[in-house]
Amino acid sequence: MTATLPAETSSRSARTARIPVAVLGATGSVGQRFVQLLEHHPWFRLHEVVASERSAGKSYADAADWRLGTLLPKDAAALTVKNLGSELESRLLFSGLDASVAGDAEEHYASRGCAVVSNSKNHRMGADVPLLLAEINADHLGAIERQRARRGGGYIVTNSNCSTMGLALAIAPIELRWGIDQLHVTTMQAVSGAGYNGVASHAILDNVIPYIGGGEEEKIENEPRKILGRWNGGRFEPAAMTISAQVNRVPVIDGHLMTISFNLRRAATSEELINTLWGFRGEPQELNLPSAPRQPIHYIEGPDRPQPRLDRDREHGMAVSVGRLRPCPILDYRMVALVHNTIRGAAGAALLNAELLEAKGLL
């Protein structure tokens with residue numbers, strides 16, 4: 001997931017040792033993805049792995065039931081798992097914790113001066129916590145100053161829900177240029193979004209489950225409005241759009257597919273919308289951050305694309321794919337979008353967020 005860095009960034013990296021980091025919830029599905037993506041990262045070095053009492057004291061190789069399609073990194077395998085709540089040497093922490101424990105644990109480490117970059121849902125809607133999608137709302141990092149004052153130096157920055165990530169990135173260029181009034185989205189979400197043991201095989205094979213717990217629909221209806229809104233220096237002002245979401249679990253391993261219909265505040269042609277999606281770039285692309293996709297949105301021509309198996313790994317899983325943009329007989333337009341839920345929708349996005357923090361001198 002590396003990219004050629006600009007000269008000033010390359011020289012800085014050459015002079016500075018890689019930043020030691022810890023992964024909280026390192027044995028889980030998102031935690032494993034963090035470990036995988038950190039193996040060859042040019043700025044960050046995996047230094048500590050943290051999990052529950054059940055895993056503490058074991059080597060990571062023994063504690064992690066490694067399920068990814070690459071070999072467990074040797075350096076990570078040799079690390080001893082620390083218990084959640086332990087004092088850590090790392091000041092930058094990536095959280096893949098389950099929501100049942102993430103809230104208190106992330107507060108604990110932030111109050112001790114750590115920068116916590118979280119994939120968990122607990123703090124996403126916090127009054128001074130950036131719900132960061134690096135290409136869209138880097139200006140929301142202004143809220144960190146308020147957090148640092150409140151917590152004594154540490155802070156929390158969060159990812160969105162994995163489906164929200166794909167939705168918000170797919171609609172952001174359209175919202176920024178024309179404005180979106182109303183939007184309806186139906187998701188078809190991969191089983192990896194529920195963790196390795198999240199959906200029994202007998203329940204999902206030959207089946208679609210039209211429900212996902214944990215307030216999934218509410219997250220998709222509310223989080224994009226925070227992401228696409230603004231930080232006014234004192235609070236977040238949500239974008240003025242109404243979102244209706246329906247969610248489904250489908251028998252796909254990775255890749256959340258969604259169908260989207262929306263009304264525009266100002267008229268635009270299909271060609272204008274597609275050109276805007278193709279041309280969209282954000283700060284990660286301008287800064288040439290290591291994990292940034294060169295093109296964050298890929299518009300794919302063809303009546304049957306995007307598809308999870310064919311398109312989820314574009315740009316190493318960090319791009320969102322969009323297709324089938326066409327007029328809608330009820331709202332103005334409709335389209336299909338796809339996000340790799342455990343990379344762009346989870347660990348990869350958190351890594352990119354941390355790179356943006358480093359580039360802006362916030363680590």
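Worth pointing out:
- Measuring between alpha carbons in the structure, the pairs from 58/121; 58/360; 121/360 lying more than 30 angstrom apart are 58/360.
- Sorted largest first, extent of segment 186-246 alpha carbons per principal axis (Å): 50, 21, 14
- The sum of -39500 (n - 2.57) across all DSSP H runs of n ≥ 4, divided by the residue count of the chain, sets its helix-only mean residue ellipticity at 222 nm to -8500 deg cm²/dmol.
- Accessible-area composition of segment 76-228, carbon plus sulfur, in percent [1.4 Å probe]: 49 percent
- Taking the longest Cα principal axis of the chain as reference, the axis of helix 348-359 is set at about 70 degrees.
- Segment 174-207 residues near the modelled residue 259 label - backbone nitrogen below 17 Å, point 7 Å along Cα→Cβ: 183-190
- Degrees, to the nearest 10: 270-279 long Cα axis against longest axis of the chain: 20 degrees
- When the GluC sites (Glu not before Pro) in segment 277-363 are filtered for DSSP coil states and for at most 15 other beta-carbon atoms within 10 Å of their beta-carbon, the remaining sites are 301.
- Solvent-accessible surface of protein heavy atoms, probed at 1.4 angstrom with all chains present, puts 280, 34 in the order 280, 34, largest first.
- Largest-first principal axis extents of the Cα set of segment 182-325 (Å): 46, 34, 33
- Surface accessible to a 1.4 Å probe, residue 259 within the full protein complex, Å²: 60 Å²
- Amide H contacts of residue 182 (H built 1.01 Å from N, under 5 Å, at least 5 apart or other chain): 242, 263
- In this calculation the C-beta distance from residue 71 to residue 206 is compared with R0 = 41 Å, giving a FRET efficiency of 0.80.
- Simple label model, 7 Å out from Cα along Cβ direction - residue 112 to residue 278, nm: 5.1 nm
- About its Cα centre, the dipole of segment 217-334 is roughly 140 debye, where the only charges are +1 on Lys and Arg Cβ and -1 on Asp and Glu Cβ.
- Using the 1.4 Å probe convention, the accessible area of the chain works out to 42 Å² per residue with neighbouring protein chains retained.
- Full-stretch length increase - residue 150, residue 100 - with 0.36 nm per residue and alpha-carbon distance subtracted: 15.6 nm
- Segment 299-363-segment 153-209 distance, computed between alpha-carbon centres (Å): 10 Å
- Segment 285-363, accessible surface, carbon-and-sulfur percent (1.4 angstrom probe): 46 percent
- Under the Debye formula (equal points on every Cα, no solvent term), log10 I(q)/I(0) of the chain at q = 0.15 Å⁻¹: -1.36
- In this Cβ point-charge picture (+1 for Lys and Arg, -1 for Asp and Glu), segment 23-161 has a dipole of about 40 debye about its Cα centre.
- Contact order, relative form, for segment 183-275: 50 percent (alpha carbon pairs under 8 Å, 6 or more residues apart, mean separation divided by residue count).
- Of the peptides 121-129, 270-278, the ranking by mean beta-carbon count within 10 Å, highest at the top, reads 121-129, 270-278.
The values are calculated or read from the model by the stated rules, or taken from the named source; none is laboratory data. Predicted, not measured: the structure shown is a model, and the values here were computed from it. Glycine gets a Cβ as well: all are built from the backbone with ideal geometry, and neighbour counts include every protein chain shown. Quick note on the areas: whole protein, heavy atoms, side chains included, nothing else; ligands and nucleic acids left out. Shrake-Rupley method; radii C 1.70, N 1.55, O 1.52, S 1.80 Å.
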